[in-house]
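Accompanying notes for the structure given below.
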Amino acid sequence: MNDWHSWAAIVVFVGAYALIISEKIHRVAVALGGAGLMLAIGATDDISAFYSEDSGIDWNVIFLLMGMMMIVGVLKKTGMFEYLAIWAVKRARARPFRVMAMLVVITALASALLDNVTTVLLIAPVTLLVCERLALPAAPFLIAEVMASNIGGTATLVGDPPNIIIASRAGLTFNDFVVHLAPLAAVLVVVLLLLCRVMFRRSFAYDGDRAAEIMELEEREAIRDPRLLVQGLIVLAMVVSGFVLHPVLHYEPSIIALLGAGLLVAISAVDTQDVLADVEWPTLAFFAGLFIMIGGLIDTGVVDEVSQSLAHLIGGNELGGSLMLLGGSAVLSGVVDNIPYVATMAPITSTLVRDMGGSSDHVMWWALALGADLGGNATAIGASANVVVLGIAERNRQPISFWQFTKYGLVVTTATVAISLAYVWLRYFALA
């Protein structure tokens with residue numbers, strides 16, 4: 001890492017990150033500006049940025065988001081989200097914390113079957129309507145849900161994109177993830193609820209008059225277009241099935257999402273312009289810029305240098321290495337998007353596992369998955385779902401600042417990673 005390009009790439013990335021944190025310049029402008037600088041200084045080039053599978057824009061993520069945003073845009077027109085909002089509030093008797101608990105559990109469960117970005121795209125509109133009905137601030141509910149999505153996504157192979165990378169590299173199955181990570185994820189969701197009860201206690205003001213109004217509402221009256229709703233739910237079910245059957249079909253989630261979006265627009269009477277207007281284009285632009293900046297760090301060897309240093313520290317100590325890999329991955333995934341991080345660490349982890357004799361319980365792989373998935377909760381840009389929710393909140397005039405998210409994210413990440421460290425030690429070493 002002696003090349004000046006490496007140090008220049010670090011300066012650009014750190015400077016962009018500082019500006020995103022300061023919020024003095026809009027994060028989309030910072031990401032695109034940082035991407036432009038990475039290209040200008042030669043840290044990466046157009047081939048690597050736009051066409052490379054290893055360090056460029058992850059088009060699978062971009063088009064997965066675009067496809068699901070289009071599907072959600074169509075479903076919005078049916079009144080489905082208003083229906084779900086009224087239903088959820090009535091089941092929780094309009095008690096704010098009960099509402100949050102219900103939405104958190106639903107989000108975590110959905111994220112285990114869908115990817116976490118798709119889940120928050122579906123849940124966020126419901127949440128905004130619930131908070132509007134109850135006159136509650138939306139930020140605490142959205143923050144709790146995105147953290148639940150990242151925790152719930154840890155449980156399965158399809159729940160979080162890094163898990164797909166790990167499964168492919170390590171030869172792990174859907175059932176392997178369920179057996180090894182789902183029990184821990186369930187515990188961590190309970191821990192998240194307990195933390196939310198404390199962190200957001202000032203946001204649970206109960207308004208008896210508003211509660212009484214909502215309890216009198218009939219949720220079925222919210223459905224505006226039953227035919228479109230049926231069409232949308234059928235297509236959504238097909239898309240979800242495609243995600244779950246990824247190990248069999250071998251279609252990327254982005255392809256499934258785009259096929260679903262195209263089919264829904266084709267068979268319904270909705271206007272294509274209206275559907276495209278619901279796409280969060282600033283969020284997609286932010287991701288593109290962020291991917292190029294991270295690609296600059298990868299192409300100049302910065303990420304590889306950090307990863308190799310971690311591998312050197314681990315040496316042949318499987319226990320110490322597993323715990324260090326988990327903790328180190330959590331820290332780095334809070335700063336660098338966990339998808340390129342795991343893509344870089346996967347071959348290094350594979351070498352570590354081979355050098356240690358290939359542990360039968362894949363403990364090193366579980367450590368990498370837990371660190372990368374849970375570390376994404378640490379900051380506002382630590383995971384794709386975080387960025388998507390911040391974009392939705394801003395578009396609905398309920399902005400969540402970088403620090404507003406991060407101050408809670410650091411608490412949740414510290415607690416969940418600490419429990420995960422104890423889990424890895426107990427299950428794979430102390431009780432093995």
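The values are calculated or read from the model by the stated rules, or taken from the named source; none is laboratory data. Model, not experiment: these values are computed from the prediction. Positions of Cβ are generated from backbone atoms using ideal geometry, with glycine treated the same way; all protein chains shown enter the neighbour counts. For the accessible areas, the whole protein counts, side chains as well, though only heavy atoms, and no ligand, DNA or RNA atoms are used. Shrake-Rupley method; radii C 1.70, N 1.55, O 1.52, S 1.80 Å.
List of remarks:
- The order of the peptides 413-419, 24-30, 207-213, 263-269 by mean Cβ neighbours within 10 Å, most packed first, is 413-419, 24-30, 263-269, 207-213.
- P(r), alpha carbons of the chain - 20 Å bins starting at zero, rounded %: 26, 58, 15, 0
- Loop trypsin sites (Lys or Arg not before Pro), the range 360-430, which have at most 11 other Cβ atoms in a 10 Å radius of their Cβ (DSSP): R397
- Solvent exposure of S6, expressed as accessible area, is near 0 Å², computed with a probe of 1.4 Å over the protein chains only.
- Helical content alone sets the calculated 222 nm signal of the chain at -24500 deg cm²/dmol, taking -39,500 (n - 2.57) per DSSP H segment of four or more residues and averaging over every residue.
- Extension gain, D46 back to A269 (0.36 nm per residue minus Cα-Cα distance, nm): 76.3 nm
- Alpha-carbon centroids, the range 312-343 and the range 50-105: separation in whole Å: 30 Å
- Spread of Cα-to-Cα distances over 10 Å intervals beginning at zero, given as percent, for the range 1-69: 19, 41, 34, 5, 0
- Given +1 at the Cβ of Lys and Arg, -1 at the Cβ of Asp and Glu and no other charges, the dipole of the chain around its Cα centre is 1420 debye to the nearest 20.
- FRET E, pair N175, K90, Förster distance 35 Å, beta-carbon r, rounded to 0.05: 0.45
- Anisotropy class of the range 71-167 from Cα gyration tensor, a/c 1.5 cut: prolate
- Summing Cβ point charges (Lys, Arg +1; Asp, Glu -1) relative to the Cα centre of the range 1-59 gives a dipole of roughly 380 debye.
- With R₀ fixed at 45 Å, the C-beta to C-beta distance from M238 to L426 puts the FRET efficiency at about 0.65.
- Tilt relative to the chain, helix 4-22 - C-alpha long axis, 0 to 90 degrees, to 10: 30 degrees
- At a probe radius of 1.4 angstrom, the accessible area of the range 1-142 per residue rounds to 41 square angstrom.
- The fraction of accessible area contributed by carbon and sulfur in the chain is 62 percent, rounded to a whole number (1.4 Å probe; ligands and nucleic acids excluded).
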